[in-house]
Structures are given as structure tokens and as C-alpha cells.
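Comments concern the structure below.
The values are calculated or read from the model by the stated rules, or taken from the named source; none is laboratory data. Bear in mind that the values here come from a model prediction, so they are computed numbers and not experimental data. We place every Cβ from the backbone using ideal geometry, glycine too, and count neighbours over all the protein chains shown. Heavy atoms of the whole protein, side chains included, go into the accessibility calculation; ligands, DNA and RNA do not. Shrake-Rupley method; radii C 1.70, N 1.55, O 1.52, S 1.80 Å.
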Amino acid sequence: MIFAEALAEAGAAVVCADRRLDRVQATTRHLEERGARSLAVETDVTDETAVGAMVDQAVEAFGKLDILVNNAGIAAAGPPEALALAEWQRVVDVNLTGVFLCAREATRAMIAAGTGGRIINVASILGAVASEPAPAAAYAATKGAVVNLTRGLAVHWASHGILVNAVGPAYFPSEMTAGIFADPAVLAEIERRTPLGRVGRPEELKGPVVFLAADASSYVTGQTLYVDGGWTAW
């Protein structure tokens, strides 16, 4: 919700997409109560037909698509030697293939409109460093791929005026990190390992995503902005 809220606060009309329709409907109500225009769409990012339909609905509702935030993601925690192939594939399908499909379909709409656009992928500090203290090899592999996919797409689509960047968060409270945050020992190790000595606050992700969506970043493309309390500076 935090990225949708940030863009809505900056004046954007927001399409919220998730395979769990009730979740995005709740987000849409939250935004509309604050005066934003919003639309909820049920979407599975691993299904290219569904992704194409989501983009079509966005264009139909609001006239064009200017910004895509690729935020869908899952993880499979545990030692890599115990990771089942099906779990590996599931993480790759959502975290990497889903990012590509959403970016491809959004870009087709942006090119058709001829007005350029912004694609903001959500990577991770684990796209730059090993996954610790909680091992998540598949997640880290996909986020590393997202970092380089961001570079590649930025180069290929620059001539269309489409800027492609990523944000790379460290540990923030979320549905995905709930198990990590519930373990005092792991949480203490994360805080010890972070130069700023604490985990991130959700609102600290708002500025980076708005920056990458705004005119302030008009000469920035192919970059990953790490929002990590100094984690990757070690």
C-alpha cells in the first residue's frame, strides 16, 4: 500500500493490482477516502493475459499509463540445499517473470501513447549482497536479476522516453517480513548489521518512489536506489 499511497499523495490516479481482490479493494477505498482516484484490479502477474488486461483497464479508466511500480514479490526462506525446485520456480515466476511481463505490457501502452513514462521496479538489498541473516537464495537471485533487468530495459527503452529504475529496500515491516520481525534474535541481528541501527519505516519508502516517478529524476535511468540504512555500504 505504501507506494500507492505515496503516488496518490503526489496527485496520481492509482490502479492497485493483486491476485487477492479484497486486498486491493481495501487499498482503493483507503485512497479514495483521502480524495484520490483509484481502481482495483484482480491480477496474477505470472499470467501474461491477465497482465495485459490490467494495463488495458488502467488505460480505459484514466486515459493513459504514465507510471508502473513493479511491487509483486514472494520469498522462500530456508537453507538453499533444502529448497524444492517448485518453490524456486514459484519465486522466479513472480519476482522476475512477473516484473518483465508488467514492464513489457506497460511499455507497449506508453509507446502507443507516445508520451514516455516511468517504470519503477522493486528490487532489494539482496539484489546486491548475500541473503543474511535469513537465507533466501531464490529471492536474492531474482532480485539480483531485477537489478540487471532494470539496466537492460532502461537502455532499450530510453529512445521512447521511458525511464526504468528500481528501489532496493532493506528490511521493512511487511506481510513478507512478518516472520523475520517476529524472531527477536533475527531482528536484533538485522539492527546490529544496519549502520543506522534500525529497520526501515514504511513512510521512508515514499520519497524514493515519488522521486523516481517525478520530473526531479528526468536524467536518471537504469539505476537502483538502495533504501537500506547503510546496509550495502559495508
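Apart from one condition, F211 fits all of (1) out of contact with any Ser or Thr (no Cβ under 7 Å at 6 or more places or on another chain); (2) open to solvent by 50 Å² or more (accessible area, probe 1.4 Å); the exception is (1).
Is one or more of the residues making up the range 108-128 of a type in the set (K, R), within 19 Å of G222 (Cα to Cα), touching a residue at least 24 places away in the same chain (Cβ under 8 Å) and in a helix (DSSP H, G or I)? Yes, because at least one residue in the range 108-128 is of a type in the set (K, R), within 19 Å of G222 (Cα to Cα), touching a residue at least 24 places away in the same chain (Cβ under 8 Å) and in a helix (DSSP H, G or I). Tally the residues that are more than 18 Å from A12 (Cα to Cα) and open to solvent by 60 Å² or more (accessible area, probe 1.4 Å), restricting the search to the range 52-78. Qualifying residue count, the range 52-78: 1. For the range 177-194, taking the residues that are part of a loop (DSSP other than H, G, I, E, B) and over 19 Å from V129 (Cα atoms), the one that is most open to solvent (accessible area, probe 1.4 Å) is identified as A182. Is one or more of the residues making up the range 136-158 surrounded by 14 or more Cβ atoms within 10 Å (Cβ to Cβ) and part of a strand (DSSP E or B)? Yes, that holds for at least one residue.
Of all residues in the range 125-153 being among the aliphatic types (A, V, I, L, M) and over 16 Å from the mean Cα position of the chain (by Cα), which is farthest from A185 (Cα to Cα)?
A138
Might you check whether a residue that is assigned to a helix (DSSP H, G or I) and charged (D, E, K, R) occurs anywhere in the range 61-80? No, the range 61-80 contains no residue that is assigned to a helix (DSSP H, G or I) and charged (D, E, K, R). Taken over the range 14-29, the residue count meeting the criterion of being more than 24 Å from E204 (Cβ to Cβ) and either of a type in the set (G, A, S) or open to solvent by 60 Å² or more (accessible area, probe 1.4 Å) (or both) is 5.
Scanning the range 30-51 turns up no residue that is open to solvent by 40 Å² or more (accessible area, probe 1.4 Å), touching a residue at least 12 places away in the same chain (Cβ under 8 Å), part of a helix (DSSP H, G or I) and over 20 Å from V91 (Cβ atoms).
Listed conditions (1) closer than 26 Å to P80 by Cα; (2) at pLDDT 95 or above; (3) out of contact with any strand residue (DSSP E or B) (no Cβ under 7 Å at 6 or more places or on another chain) are all met by E105, apart from (1).
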